[in-house]
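The values are calculated or read from the model by the stated rules, or taken from the named source; none is laboratory data. Since we're looking at a predicted model, the values are computed, not measured. Here Cβ is always computed from backbone atoms with ideal geometry, including for glycine, and neighbour counts include all displayed protein chains. Accessible surface is based on the protein model in full, side chains and every heavy atom, while ligands, DNA and RNA are left aside. Shrake-Rupley method; radii C 1.70, N 1.55, O 1.52, S 1.80 Å.
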Amino acid sequence: MPPHTHHPGGTGLPPASATTHSARPVFLCVLCLLAALPPPAWSCPPPCLCSSDGLEVDCGGRGLSSLPPLHLLPPGSRSFLLANNKLASLGASAFANLSFLEELDLSNNYLDNLPAGLFRDMSNLTRLTLHNNSLTAMDRELFQGLGGLQSLDLSLNGLSFVPLGLLDELQGLRWLSLAGNRLHGLERAAFEPLANLQHLELGNNPWECDCNLRDFKHWMEWLLYRGGKVDAVECTLPKDLRGRDIRGVPVEMFNYCLQLEDENGGGEGSRSGQKGVPPCSRNALNPSGATPISDNIGDDASSNTGGGGGEAPSECVRTRYRPVSVRRAIGTVVIAGVVCGIVCIMMVAAAAYGCIYASLMAKYQRELKKRQPLMGDGEGDGEDREEKQISSVA
């Protein structure tokens, strides 16, 4: 029988097992070639540079005056770096649909005004850098939607105040820098929502250590007490406190500010940037009433001014610090009264002792004078008797 036999109607192909064995090396070679090929290139917006894994998009130092096409960002990118460019303005929806980003760096640009809700869609953002721009004011809803933000750098701008409500949604914030701005004073209520803050930078600001900074000083002491860190807050005004760290200035040093408020008609309060309203009148700035203290202040102010809106701010300052002043005044009066009473009792006792001593001495002198003539008469009779005796003998 011949070595290879074919059934009638066969195709003349080798058996299936032989075909499988011959195709296996070819399949392995294809797999090896695919493995040796470079990974597919990520889409990257020009003229930016993207990392090989697409996690970082670096558009820094490219002279950009507008944002690159953001629809070309890799969907898995985490960092978007736009530092050292010429960005001067951003649209309200500039960062829409970028919830995958965790870091955004806009430092060293010319940004001077950021629209409200600019970062609303960046819910996963943990680090935001706005260092060295031209920001002079910020909308209170600028950071809306950034509940997971942990680091915020606002240093080296032209900020003169921090509006109430700006930081309300940043409960997870741990690191905040406001160094190198134009801050004269800060509102305690603006920072109270930062329950997890651990590091605060406030250096290189022209701090005015007066009533506008008194409550914020108390909040800083609370932050330090729970383990937080604050850099040096050196006073610029008044002159007698210039160069001193406000954390080491006694609270009693701020009492003179009340007199300044009265003399200037509330002018000191306008320095906080709240449109001429002293920082203590939180109801005027936050109608919802952030704290019970602000509600009481507003009520007291309205009652003291008879419902007039124009005089409410100055009255609010007086009402806010009046309880402390009253307590201290009462304590001072009590202590002064006790001291004066003791001194008076000692003076009365000394006067009584002096009067008694003087009367006793006067009585003694009178009795002494009465006895002296009697003693003198006795001596004269004795001499006469001696003379008579002598004459009789003679």
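The residues on offer are Asn113, Asn109, and the sole one that is open to solvent by 30 Å² or more (accessible area, probe 1.4 Å) and either hydrophobic (A, V, I, L, M, F, W, C) or touching a residue at least 12 places away in the same chain (Cβ under 8 Å) (or both) is Asn113. Taking the conditions (1) at pLDDT 95 or above; (2) of a type in the set (Lys, Arg); (3) surrounded by 21 or more Cβ atoms within 10 Å (Cβ to Cβ) in turn, Arg174 satisfies each one other than (3). Residues that are closer than 17 Å to Phe161 by Cα, surrounded by fewer than 19 Cβ atoms within 10 Å (Cβ to Cβ) and small (Gly, Ala, Ser) occur at least once in region 202-222.
Mind listing whichever residues of region 49-69 are over 12 Å from Ala83 (Cα atoms), out of contact with any Gly (no Cβ under 6 Å at 6 or more places or on another chain) and either open to solvent by less than 50 Å² (accessible area, probe 1.4 Å) or assigned to a loop (DSSP other than H, G, I, E, B) (or both)?
The first filter runs over region 49-69 and keeps only residues over 12 Å from Ala83 (Cα atoms), leaving 49-56, 66, 68-69.
The next check asks that each one be out of contact with any Gly (no Cβ under 6 Å at 6 or more places or on another chain); those that pass are 49-53, 55-56, 66, 68-69.
Passing the criteria: Cys50, Ser51, Ser52, Asp53, Leu55, Ser66, Pro68, Pro69.
Of all residues in region 217-231, those satisfying the criterion of being under 12 Å from the mean Cα position of the chain (by Cα) and not in a strand (DSSP E or B) are Lys217, His218, Trp219, Met220, Glu221, Trp222, Leu223, Leu224, Gly228, Asp231.
Cβ-Cβ distances below 6 Å connect the following pairs, each with a first residue in region 218-247 that is closer than 13 Å to Asn196 by Cα and of a type in the set (Gly, Ala, Ser), a second residue that is at pLDDT 90 or above and in a loop (DSSP other than H, G, I, E, B), and a separation of six or more residues or different chains: Gly228/Gln198.
Ser160 meets the conditions (1) in contact (Cβ under 8 Å) with a residue 40 or more places away in the chain; (2) open to solvent by less than 30 Å² (accessible area, probe 1.4 Å); (3) not acidic (Asp, Glu) in every case but one. The failed one is (2). The set of residues in region 167-207 being in contact with a strand residue (DSSP E or B) (Cβ under 7 Å, 6 or more places away or on another chain), among the aliphatic types (A, V, I, L, M) and outside any loop (DSSP other than H, G, I, E, B) consists of Leu176, Leu200. I'd like to know if region 89-97 contains one or more residues that are at pLDDT below 95, within 21 Å of Leu149 (Cα to Cα), of a type in the set (Ser, Thr, Tyr) and open to solvent by 10 Å² or more (accessible area, probe 1.4 Å). Yes: one or more hits.
For region 134-143, check the following and say yes or no: at least one residue is in contact (Cβ under 8 Å) with a residue 40 or more places away in the chain and surrounded by 17 or more Cβ atoms within 10 Å (Cβ to Cβ). The answer is no; no qualifying residue exists.
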